[in-house]
Every structure is written in C-alpha cells, then in structure tokens.
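Quick notes on the structure that follows.
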C-alpha cells in the first residue's frame, strides 16, 4: 500500500506507462492495466472522479501511515523509519505476510497533492519473518476543482515469493478495487 514522502528523484520516476487498457468502470472509477514490463510485472491505474468525497480527508489519510493502517485492510502495519522511509507489512488471508521498506514523498500539485513510493534499495529494517515484496512503486494524486475530486492511483507490484496465479490476478484486480473502495468509504461526505 502507498505511503507518503519519496526522494525528489522519484517524483519523475513514477510508473508512467503507455498503453493503458480500460478493464472496468465502477462507482465513478475507471480501472486500467498497462503493458507488462521487462520484469514481467503489469502496472495498474485507477482514475476516479467524485463529487461526494472530501479531498482534504483523502490527503489526511494518505499522508499518515497510521491513518493508512486504519483505512486499508490489507496493510497490517506502516511504521515511519525516517521522513523519507516507511516499513510496510501486508496481510491477506491464505498467503504469507509480505514486508517492504519504501522510499516515499509527498508533494503539492496544482489543486492538491501527490504521493509517490518505490521499494528502497535499503531493506535493512525488514523483520525477516515475512516474504519480502519483490518490487513496488506507484503514486496517488488527489486534486480538487470546483468541489469535484480527481483521484489517480498507479501501482506496479511484484508480490515476491511463491504466489499462486489466482493471487497475482487478485492483487492486480480485486485488491486494487478494494483499496479504492476502502479509501472512498473513509472520505465520503455525509449526505
């Protein structure tokens, strides 16, 4: 799962892949898959346009690792190591826990915020009692114009270890959709 604050060089290095193919549309969001890269990973992208959410609440939830743990059910732990590094532990029924240290950054963009992360070259803060995530990089971008919120989420993920094919498909589809739905549930404005 994403966490805020990455090294400045990574701002330009987020997974901006060509060839996005729309897979589905649900609840104001379009879900895309990109071209499989040389390492065999398939990036995903979600674009949401919402008028019933609070952009500031999205920012507060994405900017805080503690808030992320409360919002995202698959994120079992997110511990700040330094202002640019976060330890993350993921848990899903039926598979071994995953862990990773990510370099993170939060930045302002016109009308909102951007959060980018990438697996750190330094994994010394891993506990060693879970499978190390093979690769992770991505971004959240949240902007608001005239009360309408635009959310863009990109993820390129290699789960690491031995993973059944159905689990890889779930990570690229159902888990991404669940992540978006959990975030929206946490930030929907009362009616």
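The values are calculated or read from the model by the stated rules, or taken from the named source; none is laboratory data. Computed from a predicted structure; not experimentally measured. Every residue, glycine as well, gets a Cβ built from its backbone with ideal geometry; the counts of neighbours run over all protein chains shown.
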Failed item in (1) in contact with a strand residue (DSSP E or B) (Cβ under 8 Å, 6 or more places away or on another chain); (2) within 26 Å of residue 40 (Cβ to Cβ); (3) surrounded by fewer than 17 Cβ atoms within 10 Å (Cβ to Cβ), with residue 110 passing the rest: (2)
Scanning the range 77-86 for residues that are in contact (Cβ under 8 Å) with a residue 40 or more places away in the chain and in a strand (DSSP E or B), which turns out surrounded by the most Cβ atoms within 10 Å (Cβ to Cβ)? 86
Residues of the range 2-56 satisfying the condition of being surrounded by 14 or more Cβ atoms within 10 Å (Cβ to Cβ), at pLDDT below 90 and either part of a strand (DSSP E or B) or at positive phi (or both): 5
Answer from 144, 137, 105, 132 - the residue that is farther than 30 Å from residue 26 by Cα and in contact (Cβ under 8 Å) with a residue 12 or more places away in the chain: 132
Which of the residues that make up the range 57-76 are part of a strand (DSSP E or B) and surrounded by fewer than 18 Cβ atoms within 10 Å (Cβ to Cβ)? 76
Could you please find all residues in the range 155-169 being crowded, with 18+ Cβ neighbours inside 10 Å and either modelled with pLDDT under 75 or closer than 16 Å to residue 45 by Cβ (or both)? 155, 156, 157
